[in-house]
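Working notes, structure below.
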Amino acid sequence: MTLWHGRFSSAMAASLWQLSESFPFDRLLYQQDLAGSRAHVRGLVEASLLSAAEGEQILAALDAVDEEFSRGTFERGAGDEDVHMAIERRVTEIAGPVGAKLHTGRSRNDQVATTVKLFVRDATVDIAEGALRLAEALMELGQRDPSRYLPGYTHLQRAQPVLLAHHLAAHAWALTRDVDRLLETRRRMNVSPLGAGALAGTSLPLDPGYTARLLGFDRSFANSVDAVSDRDYVAELLFDIAMLGVHVSRMGEELVLWTSSEFGFATLGDDFTTGSSMLPHKKNSDVAELARGKSGRFIGNLTTMLVVLKGLPLAYNRDLQEDKEPLIDSVTQIALVLEALRGAYGSLEFHDEVARAAADDPYMAAIDLAERLVEQGRPFREAHELVGRAVGESVRSGRPFREVVAETTELAGLLAVFEPGATLRSRSSRGAAGPVAWPYQQETWQVVDATLRDRIAAARAGESA
Ligand code: ARG
């Protein structure tokens, strides 16, 4: 029997029960639901709808339920459709008749919105921290030997050499935007829906501002209908995770390439690779493939949420219960991906000679030749054409590019561009890929990293990030 059976003459059909129960997955939100209930009880005491003694009794029962969940001894009752009903039922068993007052002035609609908000609010900070730690690991890996470099690619064709530190930092910068986005999501959503009731508020003298403060929200809702209908914060977090997942999938793809025999730029540690059940020689970069593959479900979860929300009439509709599985799935999975990928980068052995040999490909000095001609006063298009002809000649004849350049009157004096590392050293403009430009980037990074660290700490301390 459910807690709301009063108006019904027959029990729920088994098929409807199976369709609608959410306890198997929303039980994960028990801590947030308990936090919301504790605030609500204190609000009821403040409004004199509960005596102080009654309030204490219910709070003690909520603590007991907390114990049962954390010890794994909580037993679901036959009528517990979701975590909210399960907790209320158990509180009443423990506290006795006073438990029947817990739900005064509250609906599951504002209750579930509060619970999910608290879950999302915590998740934004946890994921932001995981993403920033991954970014820091990338920067550390780059600093292990700051002189290492590799070819940079466009169209996956060798384009220009770049410092390894610079290349890895490119991923780190993308991650800083994810961190910022997650903290912004947290800031925007930090408004309490508790007190909105089913949709229209209550006739009882409850103060939504009071419970909002207790729960660390910046303020309480201004519109009760919006408060119970809004799931923007779920969609936003799912977008933030999807975007982060897309960034991580690019790192995964790159690791797959780098660790292939064809590239041979890097090897992952034995603790971050897997073997083959059939082929004894295999060492597979599954961690990178999973980082790449998980992005599919992150995008899928975001799509699910947006489609569920689309066209819903105000205010609460049971469709909204469909927010939980995609939300919990994305939050759980991204944490696993971030942690494993950070470990994988930590285990990475970079094959300097292989990458350097590829990066010293003489053809990549072609742009440097053209830029030297520009310095001599030649228009860039003309310089491009001239060097392009030398490249074409080398490719067609099969003769080394350096040799053809040495025989070309206009270019013969520019052979210094072919010295190992020369073209990399000349990339010196602000934010460029060479060693001269690097200290500026590193200083900028340190400021951004420290700022994001502070914002995460402030968010953890309950301040507005
Ligand atoms: N488990 C439900 C959910 O997640 C709780 C809200 C049910 N509210 C209602 N009016 N039936 O949305």
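The values are calculated or read from the model by the stated rules, or taken from the named source; none is laboratory data. Since this is a predicted model, take the numbers as computed values, not measurements. Because the Cβ atoms are built from the backbone with ideal geometry, glycine has one as well, and the counts that use them run over all protein chains shown. The protein model used for the area step is the full one, side chains on, heavy atoms only, and it has no ligands, DNA or RNA in it. Shrake-Rupley method; radii C 1.70, N 1.55, O 1.52, S 1.80 Å.
Odds and ends about this structure:
- Note on residue 411: accessible area is roughly 0 Å² with a 1.4 Å probe, heavy atoms of protein only.
- Net dipole in debye of the range 256-397 [+1 Lys, Arg Cβ; -1 Asp, Glu Cβ; about Cα centre; nearest 20]: 460
- The lysines within cross-link reach of residue 310, meaning a Cα-to-Cα straight distance under 18 Å and a gap of 8 or more places when in the same chain, are 324.
- A compact globular protein would have a Cα radius of gyration near 2.2 N^0.38 Å; the ratio found for the range 158-278 is 1.72.
- Dipole magnitude (debye, nearest 20) for the chain, charges at Cβ of Lys, Arg, Asp, Glu: 600
- Leading residue at positive end of dipole, the chain (Cβ point charges), from 193, 45, 85: 193
- Alpha-carbon centroids, the range 1-28 and the range 379-439: separation in whole Å: 73
- Computed with every protein chain present, the accessible area of residue 4 is close to 90 Å² [probe 1.4 Å].
- Rg over Rh [alpha-carbon atoms, Kirkwood Rh] for the range 92-164: 1.48
- The alpha-carbon positions of the chain define a convex hull whose volume is 203 Å³ per residue.
- Convex hull (Cα only) mean projected area of the range 1-57, reported in nm² to one decimal: 5.7
- Using θ = phi - 60° and Karplus 6.51 cos²θ - 1.76 cosθ + 1.60, couplings along the range 160-174 (whole Hz; Gly, Pro as x): 8, x, 9, 4, 4, 4, 5, 4, 5, 5, 4, 5, 4, 4, 4
- HN-Hα J in Hz across the range 306-318 - Karplus 6.51, -1.76, 1.60, θ = phi - 60°, x for Gly and Pro: 5, 5, 4, 6, 4, x, 5, x, 5, 10, 6, 9, 5
- Length, then width, then depth: along the principal axes, the Cα atoms of the range 1-141 run 65, 43, 27 Å.
- Note on residue 14/residue 232: beta-carbon distance plugged into 1/(1 + (r/R0)^6) with R0 of 45 Å gives a FRET efficiency of 0.80.
- Highest-first arrangement of 43-49, 95-101, where packing means the average Cβ count within 10 Å: 43-49, 95-101
- Per-residue SASA entry for residue 133, accessible area with 1.4 Å probe, Å² rounded to 10: 100
- Normalised by 2.2 N^0.38 Å, with N the number of residues, the alpha-carbon radius of gyration of the range 156-208 equals 2.34.
- A Cα-only calculation for the range 329-465 places Rg and Dmax at 22.7, 69 Å.
- Taken about its Cα centre, the range 381-449 carries a charge dipole of roughly 100 debye when the Cβ of each Lys and Arg holds +1 and the Cβ of each Asp and Glu holds -1.
- Applying the criteria of a DSSP loop state and at most 13 other Cβ atoms within 10 Å to the trypsin sites (Lys or Arg not before Pro) of the range 140-211 yields 144.
- Taking the centroid of alpha carbons for each part, the range 116-138 and the range 255-328 are 17 Å apart.
- The helix-only estimate of mean residue ellipticity at 222 nm for the chain, built from DSSP H runs of length n ≥ 4 each weighted as -39500 (n - 2.57), is -20000 deg cm²/dmol after division by the residue total.
- Loop GluC sites (Glu not before Pro), the range 57-158, which have at most 13 other Cβ atoms in a 10 Å radius of their Cβ (DSSP): 75
- Loop GluC sites (Glu not before Pro), the range 223-308 (other Cβ atoms within 10 Å of the site Cβ: 16 or fewer; DSSP): 262
- Alpha-carbon Debye profile of the range 286-346, log10 I(q)/I(0) at 0.15, 0.24, 0.27 Å⁻¹: -0.54, -0.94, -1.07
- Computed log10 I(q)/I(0) for the range 241-390 at 0.13, 0.14, 0.15, 0.17 Å⁻¹: -0.78, -0.82, -0.86, -0.95, from the Debye equation with unit scatterers placed on every C-alpha and solvent omitted.
- Residues whose amide H lies under 5 Å from that of residue 197, counting only those 5 or more places away or on a different chain, are 107, 110; hydrogens are built 1.01 Å from N in the peptide plane.
- Largest-first ellipsoid semi-axes for the range 296-381, taking √(5λ) over the Cα gyration tensor eigenvalues, angstrom: 52, 25, 8
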